[in-house]
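Structure record follows, encoded as structure tokens.
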Amino acid sequence: MGAAGHAALDVAANAKTVTMGMRSSPPTIMAASSGRAIARALAAMRWYHAVSLDTLHEGVAIRWPLDDVAVHGQVPIRVHVAPSDRRLGRAGSDTICKATYRALRSCMYMRGELPARRRAEGRLQDVVVHRVASANALPSKLLNAVEKGHLVDVISYLSDGVDIHCTNYIGDTPLHCAAQFGHLEIVRLLLAEGAVIDAKTTSGWTSLHYAASYGALEIVRFLLDEGAAFDAKDDIGRTPLHEASGMGHLEIVRLLLEKGSAIDAKCDNGWTPLHSAACLGQLEIVRFLLEEGAVVDGKDNKNGWTPLHWAARNGYLEIVIFFLKKNAAIDAEDNFSRTPLHWASLRGDETLVMHLLSVGANVYALDGFNMTALQYAERHGHRSVAELLQQASPK
């Protein structure tokens, strides 16, 4: 463990709590192998995105690199995961890696985000590198060849009898990898050789989820033509349409709807594809989904937020304007009776607050704590926003 690891408070191997070394460089989390605990800790550290992991197993730090540089200029985190039983061997190591990977995904959803992403060759790519620097956890040579797009090597390994259904530690088959990395010819080959088109990873993703999320239009088209389940759900209920909508892949969204994907499909937290698009600022997707008849005021399960709440909360002015043109409820209340104006005021977003007021948002609305938007602006020190709200609510 490096200096950053020692900067964090130590946690017993079987601990159920998480301690964060906020002053270390980079910040460090010491945790038990509880995925939920790690997720809660990462969610609390909402200003960090890039993550590197050191999984402690049998007294040895197993390096699981995600990215050595910060995403969009943000500070990396180092996460040290201590298994509750260090005698579990390879199964224990794999379990910890899977739990941590799921925790990373879960914490982003808890914050209304997708897993951390980075730009590469004009396309959003997962920061997560699907490998563990341990001989027991490395993907097979076939998986490596598929990821790199080496068609000749893939053919050779299959001819040598390598299992076409082999998986890495998060359950990716060669077909998942080919779809994820955009290798259409390898996708064709694998399906011709008997790959299971709707096989799921440990998190429930199919190859279509990967292709839709990564913007691989031709692979999406091919998989659909071959009979892939267009509304397959992952372990949190998200469909390929949710993924394509959140990532802004308009042509894939269009194609999935043409093939019959449910436009208002809800995942476990009540999100529809429109929630995904609004939360992540995908204006063209929002526009298209509403033109195709998506429900504009659907609420999620956890917070009761409509897509308009999400757009206001995250500061997407153009999406807010478009929602209101489509008759979204301007004073829709979430589970705490907060309106979009409350959330815009909490953000301190002067332009957004000004627009909401100009189209009739109720400046006197009280939330469940009997707080107005003005009171939130004042409490959080947003003076210019508070002045706007005061002018709009003369006594």
Hey, what do the phi angles of region 306-321 turn into as Karplus ³J(HN,Hα) couplings, whole Hz, using 6.51/-1.76/1.60 and θ = phi - 60°, x for Gly and Pro? 7, x, 5, 4, 4, 5, 5, 4, 9, x, 8, 4, 4, 5, 4, 4
Within region 159-196, which residues have the backbone N less than 19 Å from the label spot 7 Å out from V152 along Cα→beta-carbon, could you tell me? 159-161, 183-187, 189-190
Pairs of alpha carbons in region 306-395 whose separation is greater than 17 Å (percent): 38
How far, in nm, would the chain grow between E318 and E185 when pulled straight, counting 0.36 nm per residue and subtracting the alpha carbon separation? 43.9 nm
Please give the contour-minus-distance gain from E378 to S159: 0.36 nm per residue of separation, less the Cα-Cα distance, rounded to one decimal in nm. 71.9 nm
Rounded, prolate or oblate: which fits region 251-317 when a ≥ b ≥ c are the square roots of the eigenvalues of the alpha-carbon gyration tensor, with rounded for a/c under 1.5 and prolate only if a/b beats b/c? oblate
In whole Hz, what ³J(HN,Hα) sequence does region 281-289 give by Karplus (6.51, -1.76, 1.60; θ = phi - 60°), x for Gly and Pro? x, 8, 4, 5, 5, 4, 4, 5, 4
Two-site label geometry, S140 and V196: point separation in nm, points 7 Å out along Cα→Cβ: 1.4
Sorting check: for 305-318, 140-153, which peptide has the highest mean count of neighbouring beta carbons within 10 Å, and how do the rest follow? 305-318, 140-153
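Rule-based calculations on the coordinates, nothing more; no lab input. Here the structure is a predicted model, which is why all the values come from computation and not from measurement. Note that each Cβ is placed from the backbone with ideal geometry, even for glycine, and that neighbours are counted across all protein chains shown.
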